[in-house]
Amino acid sequence: MIGRRGFSALALAAAATEARAQGPWPERPIRWVVGYAPGGASDIFARMIARQMGPALGQNIVVENRPSGGAIVATENVVRSPADGYSLLHVDNGVLVYNPALYARLPFDPDRDLTSVGFIGRFPMLVVVRPESPFTDFASMLAASKTRSITFGTPAVASPHQLAMEVLKRRSGLDATHIPYRGMPAAMNDMVAGQVDCVVVDVTNGLPFLTTNRARALMVVGDSRAVALPGVPTAVELGYPGAVAYGWQGVSVAAGTPPEVVERLNALLRTAIESPEVSKQMRDIGAELVPRSPAEMAEFVRAENAAWRPLIRDLGIRLDV
């Protein structure tokens, strides 16, 4: 018969054996799954940050592209993978916030099935016009919309760009009609050609046009001026509180991943983002560093859910019909 002390000793030995079997993390390369095609902003950031994190981990981080609408294929792939920290998911507004409101049926629940690791950065949203536009500021655009509907271009339906304008419309009373394009370059080119009155563009795609005088920025749809464009006023400054919208990117893992693994990934992610190579690249394209712990990112996502999912449903935007 095994006494209490004998049972405890056996339990401790079993736990030690299991720990040795699992070994130190990481023991093998890690996947970073991106739900978009190679060459896009998400892919570029993932590869650049992975290069910085790999040496510190002692393992390679291999970026794996699984493009699909809404990054659903990539998300499901990570959600269905073991919760062991060997599969990272590149996330953004759409993956964590918009998809549950845009699709009636998803093969996962991002609120339940994913755990936040950390934030990569945010991208201010700008309202821009062509240089010769009669709109010298947002006030003149707003006044013109009282007599005719203004047209605004974005890279896609249900993009952060469209939703930024939708919240601005509600806060300011602007009458504007959405013209969706297939990607940001097409929208910007049509704006320059005068096919649409204005475009909502993220700072990364907007800077090349603004710095070469092919576009003018009327405002940042946000609560703080863009670091790359300190002379452009914000919607909040102009008297429209609540007209705040940013594109953003981060990293998540499958729910159930050990907390110590999540914390280590967060620390390495933050160090990588603050490295000279990555931070310079982000500054050059106008992205803004906003370091967050896993808990802080989770709280941020909850606040985004509360703000954007009701708006999407109220607007009646659906992508699965």
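Of all DSSP-defined beta bridges confined to segment 64-223, some 55% are antiparallel rather than parallel.
Give the relative contact order (percent, whole number) for the chain; include only Cα pairs under 8 Å separated by 6+ residues. Here the relative contact order equals 25 percent. Overall form of segment 227-297: oblate. Here a/c, set by the Cα gyration tensor axes a ≥ b ≥ c, is 1.5 or more, and a/b is not larger than b/c.
Where does the chain land at 222 nm, in deg cm²/dmol rounded to the nearest 500, when only DSSP H runs of n ≥ 4 count, each adding -39500 (n - 2.57), divided by all residues?
Working: 12 runs with 135 residues, N = 321.
My calculation for the chain gives -13000 deg cm²/dmol from helical runs alone.
Among the protein heavy atoms of the chain, carbon and sulfur supply 55% of the accessible surface, probe 1.4 Å, non-protein parts ignored.
The Cβ shell under 10 Å around Asp175 holds other residues with a net charge of +3, Lys and Arg each +1, Asp and Glu each -1.
The values are calculated or read from the model by the stated rules, or taken from the named source; none is laboratory data. All values reported here derive from a predicted model rather than from experimental measurement. Here Cβ is always computed from backbone atoms with ideal geometry, including for glycine, and neighbour counts include all displayed protein chains. When the accessible area is computed, the model is the full protein with side chains, heavy atoms only, and any ligands, DNA or RNA have been set aside. Shrake-Rupley method; radii C 1.70, N 1.55, O 1.52, S 1.80 Å.
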